[in-house]
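Report on the structure given below.
Read-outs throughout are calculated quantities, based only on the coordinates presented, and are distinct from any laboratory measurement. This is a predicted model, so every value here is computed, not measured. Every residue, glycine among them, receives a Cβ derived from its backbone with ideal geometry; neighbour counts consider all protein chains shown.
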Amino acid sequence: MSNSTVSGGSALQTAAVVTARSGRRKPPRAGLPRKMTLDYMSFLAVFLVLPVAIFLIFVIWPFIQAVYFSLTNWTGFSPQMGFVGLDNFVRLFQDGAFMQAMGNNILLAIVVPLITIIIALVFASLITVGGPSHGQVRGLKASSFYRVVSFFPYVIPAIVIAILWNMIYAPSGLLNGILGLFGIDNNQFAWLGDQRTAMPASIFVMVWGMVGFYMVLFIAAIKGIPAETLEAARIDGAGRFRTVTSIMLPQIRDNVQTAYIYLGIAALDAFVYMAGLNSTGGPGNSTLVMSQYLFRTAFEKGQFGLASAMGVVLAVLTLVFAGLVMGVFRLTGGKDEGGRS
Amino acid sequence: MSVETRAAITIDPGARQAEHKTKSTTSDKVVGGVSHVMLVIWAIIVILPLVWTIIGSFKTTKEIFKSPFGLPANWNFDNYVTAWVGNNFGRMFLNTIIVVGFSLFLVMLLGAMCAYVLARFSVPGSRVIYYLMLAGLTFPVFLAIVPLFGILQKIGLLGTLPGLILTYVAYALPFTVFFLYSFFKSLPYEIQEAAYMDGASEWRTFFQVMLPMAKPGLAAIAIMNFLGLWNQFLLPIALNPNQDNYVLSQGMAAFASSAGYSLDFGAMFAAVMITIIPVLLIYIFFQRQLQGSVSQGTSK
């Protein structure tokens, strides 16, 4: 079936009708061959060259430059830069604070996506198939209320989320106030000021900010599953739990994989959250992340060469992470033959 | 698959509650009860901080420190005035609107055009561009931030609103192109060919035939881009050091850290509200759009 079911819209219905008439959707063509007319040339110049030029100048060119800068001792303030080879990288891997920051990033990249996806999947399942076990497969009552509410943190600027939770975690903030209501007086405990709690507290904030979006994403994916499949499972006697684990999850594998990669990339960055929660890197650098360290090195210390080297390390980690996730997903299950694109 | 079949397969919760009134089994009740408890707890965790912020924005700093639950003695907009005028959030608000408005328009236009060409024409090098876009999507912006600073400095746009707009457009472009790429790919070729047959130029085919057909996709991506651009933080704090050109997100961070211990918490809460209200409004609107586009495909 065509993937238009998910998005809807009148134009897509036209598409659906056309597709239905012609039987199956035709495989996408490579493109229509064109003659080199003035119309076509001007069209290409504006439609392709202009956006691609902006993209190349402001995105790709800086990436390339960064790789070169990482091999120099450029300070950013003087025009001279000396080529130092891999010295910057050697220096980074001997820098305890940087290694700690990298460790924190790796921890975040593993934990944040895992918790977020589990919560999002559970909620998405409850909302779509948590309803009565007879009749049509359907969700809970008031599910749209939960969906609307949960999604809300996603629209709040991350820096505001971080500042907000900074105030909630403060000694005289909301969290201690609520604990006080339950009779737990913890002497104005500073949640972000203690090495033991700073990191878990920060992780919670990131999860809080991201669950809603992935929940909505998974709900959309689940709704894209043909209802016949779910009905068939129900007629065959599958309960709600079985429906979720055996029917739904395999069908939305691709979405989970994409979510894992996006979340991991966000966790490897984590700059906004950490900057708002603990701008100095937390007690004993317990929440310091590479991006924070990079920013400080570049814009406070002016060591542009060294900062670029950190950027390269961050980029390599990101690619390795994405590769690992895709590898794991490929190994743990073959391609599903659902035919969904 | 025909449109009628799709109507039957909808699993839109809520919409069809009224049908099939059969009595619930015990397990249904237990599962339902537990589910509702979990979701309600999460809803409270989400809503409570926001309610706390709204109330806090009307309290004086003294009241905030006295108790996290107390209500303000008198409800007035003093904190908002302090934040808007005294702490320059009015100016930042305007800057943010300008930067986000222009970037959004440009990135939607350029993104749609680029995606259209990549998806539907065989242009030499289009695969290379596609993979470069993928790289732009995957690589962390942090890698580029130092050279980007230098590039903007060189062309004299560092710390200016046009400079910020250009970088916003460039970094929102890959995501926009990717999303719209698959969207344009799924549109039928017959209609494009029909437009050519009727003598429409490439420009006209795009603006009058293909672009309107891509409306649902454009709406979705425009909302995502709006939120992304409004919430952008790294690019402004790195590339926009000029106080007069501050946008809201970086102003928030500067305000939170600069005042330190003497921080005016009341004004802080008010500033948070000033930053959130526009996205809240967009969200309420977006919610309708989302529900609309999801149910449209299923209810006819």
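Cβ crowding within 10 Å, taken as a proxy for footprinting-reagent exposure, orders A:Met206, A:Met99 from fewest neighbours to most as A:Met99, A:Met206. Using C-alpha pairs below 8 Å separated by at least 6 residues, the relative contact order for chain B is 32 percent. Look at the dipole of the protein assembly as shown built from charges on Cβ: of A:Phe47, A:Gln80, B:Tyr168, the Cα furthest out on the positive end belongs to A:Phe47.
Projecting the Cα atoms of A:Leu249, A:Pro157, A:Phe271 onto the dipole axis of region A:103-330, where Lys and Arg carry +1 and Asp and Glu carry -1 at the beta carbon, places A:Leu249 farthest toward the positive end. Over region A:150-229, the ratio between the Cα radius of gyration and 2.2 N^0.38 Å evaluates to 1.47. Our helix-only sum for chain B, with -39,500 (n - 2.57) per DSSP H run of n ≥ 4 divided by its residues, gives a mean residue ellipticity at 222 nm of -23000 deg cm²/dmol.
Remark: region B:159-164, residue by residue, has Karplus-estimated 3J(HN,Hα) of x, 10, 5, x, x, 5 Hz, where x stands for each Gly or Pro and the curve is 6.51 cos²θ - 1.76 cosθ + 1.60 at θ = phi - 60°. Legend: mean number of C-beta atoms from other chains within 10 angstrom of residue C-beta atoms, peptide A:311-323, equals 3. Between the amide H of A:Thr72 and those of A:Val84, distances stay under 5 Å, these residues lying 5 or more places away or on another chain, with hydrogens modeled in the peptide plane. Calculation over all alpha carbon pairs of chain B in 10 angstrom steps from 0 returns a P(r) of 5, 18, 24, 23, 18, 10, 2, 0 percent.
With the charge dipole of region B:87-258 set up from +1 on Lys and Arg Cβ and -1 on Asp and Glu Cβ about the Cα centre, the Cα lying farthest toward the positive end among the listed residues B:Phe102, B:Ala214, B:Phe233 is that of B:Phe233. The mean number of Cβ atoms from other chains found within 10 Å of a Cβ in peptide A:39-48 is 6, as a whole number.
Across region B:282-287, rounded Karplus estimates of 3J(HN,Hα) from the backbone phi angles (6.51 cos²θ - 1.76 cosθ + 1.60, θ = phi - 60°) give 4, 5, 4, 5, 4, 4 Hz, Gly and Pro being marked x. Residue by residue along A:276-287, Cβ atoms of other protein chains within 10 Å of the local Cβ number 1 on average. One way to sum up the overall shape of region B:86-187 is the equivalent ellipsoid from its Cα gyration tensor, whose semi-axes run 29, 17, 11 Å, largest first. Each principal axis of the Cα atoms in the protein assembly as shown has its own extent, and those three values, largest first, are 69, 68, 50 angstrom.
So how far apart, in nm, are the two label points at A:Thr75 and B:Tyr196 if each is 7 Å from Cα heading toward Cβ? About 6.1 nm separates the two model spin labels. In region B:91-215, Cα pairs under 8 Å separated by at least six residues give a relative contact order of 39 percent. Averaging 1/r over every pair of different alpha carbons in region A:31-112 and inverting the result gives a Kirkwood radius of 17.2 Å.
Kirkwood analysis of region B:87-258, using all unique Cα-Cα pairs, places the hydrodynamic radius at 17.6 Å. If you average 1/r across every pair of different Cα atoms in region A:225-332 and take the reciprocal, what Kirkwood value do you get, in Å? After inverting the pairwise mean of 1/r, the radius is 17.1 Å. Working ranking of peptides B:68-76, B:42-50 by packing, defined as the average number of other Cβ atoms within 10 Å per residue, highest first, is B:42-50, B:68-76.
Rounded to the nearest whole angstrom, the semi-axes of the ellipsoid equivalent to region A:103-330, taken from the Cα gyration tensor as √(5λ), stand at 37, 24, 13, largest first.
Our coupling estimate for region B:28-36, obtained by passing each phi through the Karplus curve with A = 6.51, B = -1.76, C = 1.60 and θ = phi - 60°, is 4, 5, 4, 4, x, x, 4, 4, 4 Hz, Gly and Pro reported as x. Each Lys and Arg contributes +1 and each Asp and Glu -1, all at the Cβ; summed about the Cα centre of the protein assembly as shown, the dipole is approximately 1320 debye. Relative contact order of region A:103-330, taken over Cα pairs closer than 8 Å and 6 or more residues apart, is 28 percent.
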